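I have placed the structure first, in the form of structure tokens, so that the comments after it can refer back to it.
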């Protein structure tokens, strides 16, 4: 049951966010092909596809019908984000331990020897 629900959700998401919904217009393509075959019986399917997709369409005053064909015009899609609730709650049971930092007191009278940090320092034994 979970797999079937997952397949349904993925199909809905793909159909909404891609141009695969154009495949639902395939029956219109075949109906329009039959209409062209009724006008001219010598038209083959490849000539029909070439006429409507790759070449110049005949001036037969059916532009409204031609624009209903799949992949003839592209639609703008919005991307939706689906949030599904978590199936189980994960709790973190770790305990927080305080860290005790002890710092030495700042003494303004402490000045380290500048010779120890200089580039040229006296030799050490």
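Would you confirm whether or not the range 75-82 contains a residue that is modelled with pLDDT of 75 or more, at negative phi and touching a helix residue (DSSP H, G or I) at 6+ places or on another chain (Cβ under 9 Å)? Among the residues of the range 75-82, not one is modelled with pLDDT of 75 or more, at negative phi and touching a helix residue (DSSP H, G or I) at 6+ places or on another chain (Cβ under 9 Å), which makes the answer no. If you take the residues in the range 59-74 that are at pLDDT 75 or above, in a loop (DSSP other than H, G, I, E, B) and in contact with a helix residue (DSSP H, G or I) (Cβ under 7 Å, 6 or more places away or on another chain), which one is surrounded by the fewest Cβ atoms within 10 Å (Cβ to Cβ)? If we take residues in the range 59-74 being at pLDDT 75 or above, in a loop (DSSP other than H, G, I, E, B) and in contact with a helix residue (DSSP H, G or I) (Cβ under 7 Å, 6 or more places away or on another chain), then 71 is surrounded by the fewest Cβ atoms within 10 Å (Cβ to Cβ). Pairs linking a residue in the range 37-53 that is without any contact (Cβ under 8 Å) to a residue 40 or more places away in the chain to a residue that is not in a helix (DSSP H, G or I), with Cβ atoms under 7 Å and 6 or more positions apart or on different chains, are 37/43; 51/57; 51/58; 52/69.
Number of residues in the range 36-49 that are part of a helix (DSSP H, G or I) and surrounded by 13 or more Cβ atoms within 10 Å (Cβ to Cβ): the value is 5.
Of the residues making up the range 1-29, just one is under 23 Å from residue 66 (Cα atoms) and loosely packed, with under 10 Cβ neighbours inside 10 Å, namely 27. Take the residues in the range 4-18 that are without any contact (Cβ under 8 Å) to a residue 60 or more places away in the chain and within 15 Å of residue 84 (Cβ to Cβ), then tell me which one is farthest from the chain's Cα centre (by Cα). Among residues in the range 4-18 that are without any contact (Cβ under 8 Å) to a residue 60 or more places away in the chain and within 15 Å of residue 84 (Cβ to Cβ), the one farthest from the chain's Cα centre (by Cα) is 5.
The values are calculated or read from the model by the stated rules, or taken from the named source; none is laboratory data. As the structure is a prediction and not an experimental result, all values here were calculated from the model. Neighbour counts are summed over all protein chains in view; Cβ atoms, including those assigned to glycine, are modelled from backbone coordinates with ideal geometry.
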